[in-house]
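**Q** Mind looking over this structure? Questions follow.
The values are calculated or read from the model by the stated rules, or taken from the named source; none is laboratory data. In this text, all values refer to a predicted model and were calculated from it rather than measured experimentally. Don't worry about glycine lacking a Cβ; one is built from the backbone with ideal geometry, like all the others, and counts go over all protein chains shown.
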Amino acid sequence: QKEVEQNSGPLSVPEGAIASLNCTYSDRGSQSFFWYRQYSGKSPELIMFIYSNGDKEDGRFTAQLNKASQYVSLLIRDSQPSDSATYLCAVNMGSMDSNYQLIWGAGTKLIIKP
Amino acid sequence: EPEVTQTPSHQVTQMGQEVILRCVPISNHLYFYWYRQILGQKVEFLVSFYNNEISEKSEIFDDQFSVERPDGSNFTLKIRSTKLEDSAMYFCASSEIRLDLGDTQYFGPGTRLTVL
(Lines give C-alpha, C1' and ligand atoms only; values in the text may rest on other atoms or scores of the structure.)
Protein backbone atom coordinates (compact mmCIF):
# COMPACT_ATOMS: atom_id res chain seq x y z
CA GLN A 1 0.00 0.00 0.00
CA LYS A 2 1.49 3.30 -1.09
CA GLU A 3 1.12 5.86 1.65
CA VAL A 4 1.78 9.53 2.20
CA GLU A 5 1.57 10.61 5.82
CA GLN A 6 1.11 14.05 7.30
CA ASN A 7 0.29 15.27 10.78
CA SER A 8 -3.31 16.48 10.58
CA GLY A 9 -2.71 19.38 12.99
CA PRO A 10 -3.91 21.97 13.51
CA LEU A 11 -0.51 23.60 13.56
CA SER A 12 -0.77 27.04 15.12
CA VAL A 13 1.98 29.55 14.31
CA PRO A 14 2.23 33.23 15.26
CA GLU A 15 2.16 35.75 12.43
CA GLY A 16 5.67 36.46 11.16
CA ALA A 17 7.12 33.17 12.40
CA ILE A 18 8.28 30.18 10.35
CA ALA A 19 5.75 27.40 9.77
CA SER A 20 7.20 23.94 9.22
CA LEU A 21 5.10 21.25 7.58
CA ASN A 22 6.25 17.67 7.24
CA CYS A 23 5.40 14.68 5.07
CA THR A 24 6.69 11.12 4.84
CA TYR A 25 6.10 8.65 2.05
CA SER A 26 6.32 4.90 1.84
CA ASP A 27 7.62 4.22 -1.67
CA ARG A 28 11.39 4.61 -1.87
CA GLY A 29 11.22 4.88 -5.65
CA SER A 30 9.05 8.00 -5.57
CA GLN A 31 10.07 10.52 -8.17
CA SER A 32 8.44 13.86 -7.56
CA PHE A 33 6.90 15.68 -4.66
CA PHE A 34 4.36 18.43 -4.54
CA TRP A 35 2.94 20.80 -1.98
CA TYR A 36 -0.56 22.09 -2.55
CA ARG A 37 -2.55 24.54 -0.50
CA GLN A 38 -6.28 24.00 -0.09
CA TYR A 39 -8.68 26.50 1.37
CA SER A 40 -11.93 25.11 2.73
CA GLY A 41 -14.28 24.16 -0.10
CA LYS A 42 -11.73 25.02 -2.79
CA SER A 43 -9.50 23.02 -5.09
CA PRO A 44 -5.83 22.28 -4.38
CA GLU A 45 -3.52 25.07 -5.49
CA LEU A 46 0.09 24.21 -6.36
CA ILE A 47 2.63 25.86 -4.08
CA MET A 48 5.84 24.08 -4.97
CA PHE A 49 7.29 20.92 -6.42
CA ILE A 50 10.66 19.29 -5.86
CA TYR A 51 12.43 16.40 -7.53
CA SER A 52 15.99 16.44 -6.20
CA ASN A 53 17.42 16.03 -2.72
CA GLY A 54 18.06 19.28 -0.91
CA ASP A 55 16.28 22.58 -0.68
CA LYS A 56 14.28 24.52 -3.21
CA GLU A 57 13.26 28.08 -2.47
CA ASP A 58 10.47 30.15 -4.01
CA GLY A 59 9.76 33.43 -2.27
CA ARG A 60 8.66 32.75 1.29
CA PHE A 61 8.42 29.03 0.64
CA THR A 62 11.18 26.43 0.88
CA ALA A 63 10.68 22.76 0.07
CA GLN A 64 13.16 20.27 1.50
CA LEU A 65 13.56 16.72 0.22
CA ASN A 66 15.47 13.87 1.82
CA LYS A 67 14.98 10.72 -0.24
CA ALA A 68 17.11 8.58 2.07
CA SER A 69 14.74 9.36 4.94
CA GLN A 70 11.68 9.45 2.65
CA TYR A 71 10.81 12.84 3.99
CA VAL A 72 9.70 16.09 2.41
CA SER A 73 8.94 19.33 4.19
CA LEU A 74 7.65 22.80 3.47
CA LEU A 75 8.83 25.88 5.33
CA ILE A 76 6.84 29.09 5.18
CA ARG A 77 8.77 32.15 6.31
CA ASP A 78 7.15 35.32 7.61
CA SER A 79 3.81 33.54 7.98
CA GLN A 80 0.74 35.61 7.17
CA PRO A 81 -2.89 35.08 8.23
CA SER A 82 -3.66 34.42 4.54
CA ASP A 83 -1.40 31.36 4.76
CA SER A 84 -3.99 29.72 7.02
CA ALA A 85 -5.16 26.71 5.03
CA THR A 86 -4.72 22.97 4.75
CA TYR A 87 -1.41 22.00 3.15
CA LEU A 88 -1.45 18.82 1.12
CA CYS A 89 1.61 16.77 0.32
CA ALA A 90 1.32 14.76 -2.90
CA VAL A 91 3.77 12.27 -4.34
CA ASN A 92 4.22 10.74 -7.75
CA MET A 93 5.54 7.25 -7.15
CA GLY A 94 6.84 6.97 -10.71
CA SER A 95 6.42 3.22 -10.86
CA MET A 96 5.08 1.19 -13.79
CA ASP A 97 1.50 1.50 -12.63
CA SER A 98 1.60 5.02 -11.30
CA ASN A 99 3.40 7.28 -13.75
CA TYR A 100 0.40 9.53 -13.99
CA GLN A 101 -1.20 9.78 -10.61
CA LEU A 102 -0.56 11.66 -7.42
CA ILE A 103 -0.85 9.94 -4.05
CA TRP A 104 -2.02 12.40 -1.42
CA GLY A 105 -1.55 12.91 2.26
CA ALA A 106 -4.51 13.86 4.40
CA GLY A 107 -3.16 17.38 4.84
CA THR A 108 -1.99 19.54 7.73
CA LYS A 109 -4.25 22.35 8.83
CA LEU A 110 -2.17 25.47 9.42
CA ILE A 111 -3.48 28.38 11.47
CA ILE A 112 -1.55 31.64 11.52
CA LYS A 113 -2.46 33.69 14.57
CA PRO A 114 -2.31 37.50 14.18
CA GLU B 1 -3.28 32.88 -16.97
CA PRO B 2 -4.77 29.68 -18.44
CA GLU B 3 -6.85 27.63 -16.06
CA VAL B 4 -8.85 24.44 -15.85
CA THR B 5 -12.60 25.03 -15.71
CA GLN B 6 -15.34 22.70 -14.52
CA THR B 7 -19.12 22.68 -14.79
CA PRO B 8 -21.39 22.56 -12.97
CA SER B 9 -20.02 23.86 -9.70
CA HIS B 10 -22.66 21.92 -7.78
CA GLN B 11 -24.74 18.95 -8.96
CA VAL B 12 -27.54 17.41 -6.93
CA THR B 13 -28.94 14.09 -8.10
CA GLN B 14 -31.06 11.20 -6.93
CA MET B 15 -29.46 7.85 -6.16
CA GLY B 16 -29.40 5.66 -9.27
CA GLN B 17 -29.32 8.56 -11.71
CA GLU B 18 -26.56 9.21 -14.21
CA VAL B 19 -24.44 12.33 -13.96
CA ILE B 20 -21.89 13.87 -16.28
CA LEU B 21 -19.26 16.18 -14.90
CA ARG B 22 -17.53 18.42 -17.41
CA CYS B 23 -14.05 19.86 -17.54
CA VAL B 24 -12.15 22.05 -19.97
CA PRO B 25 -8.41 21.43 -19.44
CA ILE B 26 -5.72 23.97 -20.21
CA SER B 27 -5.52 24.16 -23.98
CA ASN B 28 -1.97 22.92 -24.63
CA HIS B 29 -2.12 20.16 -22.03
CA LEU B 30 -2.16 16.56 -23.16
CA TYR B 31 -2.79 14.64 -19.92
CA PHE B 32 -6.06 14.80 -18.05
CA TYR B 33 -7.08 13.50 -14.67
CA TRP B 34 -10.03 13.12 -12.37
CA TYR B 35 -9.70 13.09 -8.60
CA ARG B 36 -12.33 13.08 -5.89
CA GLN B 37 -12.37 14.27 -2.30
CA ILE B 38 -15.04 13.10 0.09
CA LEU B 39 -15.72 15.78 2.69
CA GLY B 40 -13.00 15.78 5.33
CA GLN B 41 -10.98 13.06 3.62
CA LYS B 42 -7.94 12.73 1.37
CA VAL B 43 -7.87 13.60 -2.29
CA GLU B 44 -8.11 10.31 -4.19
CA PHE B 45 -6.96 9.57 -7.74
CA LEU B 46 -9.62 8.19 -10.05
CA VAL B 47 -8.25 8.09 -13.57
CA SER B 48 -5.76 9.57 -16.01
CA PHE B 49 -6.34 9.99 -19.74
CA TYR B 50 -3.93 10.51 -22.60
CA ASN B 51 -4.18 10.19 -26.36
CA ASN B 52 -7.88 9.36 -26.15
CA GLU B 53 -7.50 6.45 -23.81
CA ILE B 54 -7.24 5.71 -20.12
CA SER B 55 -3.61 5.48 -19.01
CA GLU B 56 -4.16 4.63 -15.35
CA LYS B 57 -7.12 4.08 -13.09
CA SER B 58 -7.60 3.37 -9.43
CA GLU B 59 -9.68 0.74 -7.69
CA ILE B 60 -12.34 3.37 -7.15
CA PHE B 61 -12.82 3.76 -10.90
CA ASP B 62 -15.08 0.77 -11.42
CA ASP B 63 -17.57 -0.02 -14.16
CA GLN B 64 -19.97 2.72 -13.11
CA PHE B 65 -17.41 5.36 -14.11
CA SER B 66 -16.32 6.33 -17.58
CA VAL B 67 -14.36 9.18 -19.13
CA GLU B 68 -14.52 10.71 -22.54
CA ARG B 69 -13.02 13.50 -24.57
CA PRO B 70 -15.96 14.16 -26.89
CA ASP B 71 -14.30 17.04 -28.72
CA GLY B 72 -11.06 18.98 -28.75
CA SER B 73 -11.71 20.84 -25.52
CA ASN B 74 -14.01 18.98 -23.13
CA PHE B 75 -13.13 16.10 -20.83
CA THR B 76 -16.03 14.40 -19.06
CA LEU B 77 -16.56 12.01 -16.18
CA LYS B 78 -19.76 9.99 -16.27
CA ILE B 79 -21.13 8.15 -13.28
CA ARG B 80 -23.76 5.75 -14.56
CA SER B 81 -25.79 4.91 -11.50
CA THR B 82 -24.93 7.17 -8.61
CA LYS B 83 -24.72 5.90 -5.04
CA LEU B 84 -24.87 7.85 -1.80
CA GLU B 85 -21.16 7.26 -1.29
CA ASP B 86 -20.38 9.02 -4.59
CA SER B 87 -21.15 12.32 -2.87
CA ALA B 88 -17.86 14.20 -3.00
CA MET B 89 -15.98 17.02 -4.62
CA TYR B 90 -14.70 15.97 -8.03
CA PHE B 91 -11.62 17.71 -9.34
CA CYS B 92 -10.38 17.70 -12.89
CA ALA B 93 -6.69 18.35 -13.50
CA SER B 94 -4.42 18.59 -16.50
CA SER B 95 -0.72 18.59 -17.26
CA GLU B 96 1.37 19.24 -20.32
CA ILE B 97 3.50 16.11 -19.99
CA ARG B 98 3.67 13.10 -17.68
CA LEU B 99 4.30 13.62 -13.97
CA ASP B 100 7.30 11.28 -13.91
CA LEU B 101 8.89 13.30 -16.71
CA GLY B 102 8.85 16.41 -14.59
CA ASP B 103 5.49 18.08 -14.92
CA THR B 104 2.87 19.32 -12.48
CA GLN B 105 -0.88 19.04 -12.44
CA TYR B 106 -3.18 22.03 -12.38
CA PHE B 107 -6.59 21.66 -10.82
CA GLY B 108 -9.99 23.01 -11.72
CA PRO B 109 -12.30 24.51 -9.08
CA GLY B 110 -14.21 21.25 -8.64
CA THR B 111 -17.79 20.03 -8.92
CA ARG B 112 -19.56 19.24 -5.69
CA LEU B 113 -21.74 16.19 -6.29
CA THR B 114 -24.51 15.51 -3.81
CA VAL B 115 -26.39 12.22 -4.15
CA LEU B 116 -29.70 12.07 -2.30
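**Q** Name the single residue that is farthest from the chain's Cα centre (by Cα) among those in segment B:71-116 being within 11 Å of another protein chain (Cβ to nearest Cβ), of a type in the set (G, A, S) and not in a loop (DSSP other than H, G, I, E, B). If you could, list the steps in order and put the result at the bottom.
**A** To start, the set of residues in segment B:71-116 that are within 11 Å of another protein chain (Cβ to nearest Cβ) comprises B:89-93, B:95, B:97-112.
Adding the requirement that they be of a type in the set (G, A, S) leaves B:93, B:95, B:102, B:108, B:110.
Of the ones still in play, those that are also not in a loop (DSSP other than H, G, I, E, B) are B:93, B:95.
Working: B:A93: 7, B:S95: 13 Å.
Filtering first and then ranking leaves B:S95.
**Q** So, in segment A:1-52, exactly how many residues are in contact with a Pro (Cβ under 9 Å, 6 or more places away or on another chain) and farther than 25 Å from B:G110 by Cα?
**A** Counting residues in segment A:1-52 that are in contact with a Pro (Cβ under 9 Å, 6 or more places away or on another chain) and farther than 25 Å from B:G110 by Cα gives 2.
**Q** Checking the condition touching a residue at least 40 places away in the same chain (Cβ under 8 Å), away from every other protein chain (no Cβ under 14 Å), farther than 14 Å from A:E5 by Cα and buried (at least 23 other Cβ atoms within 10 Å of the Cβ), which residue from A:I111, A:I76 passes?
**A** Values: A:I111 fails: buried (at least 23 other Cβ atoms within 10 Å of the Cβ).
Only one candidate qualifies: A:I76.
**Q** I would also like to ask the following. Here is a check on your reading of the model: is A:R28 modelled with pLDDT of 95 or more, more than 17 Å from B:Q41 (Cβ to Cβ) and surrounded by fewer than 16 Cβ atoms within 10 Å (Cβ to Cβ)? Write out each step before concluding.
**A** Working: modelled with pLDDT of 95 or more: no; more than 17 Å from B:Q41 (Cβ to Cβ): yes; surrounded by fewer than 16 Cβ atoms within 10 Å (Cβ to Cβ): yes.
It is false that A:R28 is modelled with pLDDT of 95 or more, more than 17 Å from B:Q41 (Cβ to Cβ) and surrounded by fewer than 16 Cβ atoms within 10 Å (Cβ to Cβ).
Rundown of residues vs (1) at pLDDT below 95; (2) surrounded by fewer than 19 Cβ atoms within 10 Å (Cβ to Cβ), yes/no style:
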position: B:L21; (1), (2): no, no
position: B:V24; (1), (2): no, yes
position: B:N28; (1), (2): yes, yes
position: B:Y31; (1), (2): yes, no
position: B:R36; (1), (2): no, no
position: B:L39; (1), (2): yes, yes
position: B:K42; (1), (2): yes, yes
position: B:F49; (1), (2): yes, no
position: B:S55; (1), (2): yes, yes
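**Q** Take segment B:75-116 and flag every residue that is touching a strand residue (DSSP E or B) at 6+ places or on another chain (Cβ under 6 Å), closer than 20 Å to A:Q31 by Cβ and small (G, A, S).
**A** B:A93, B:S94, B:S95
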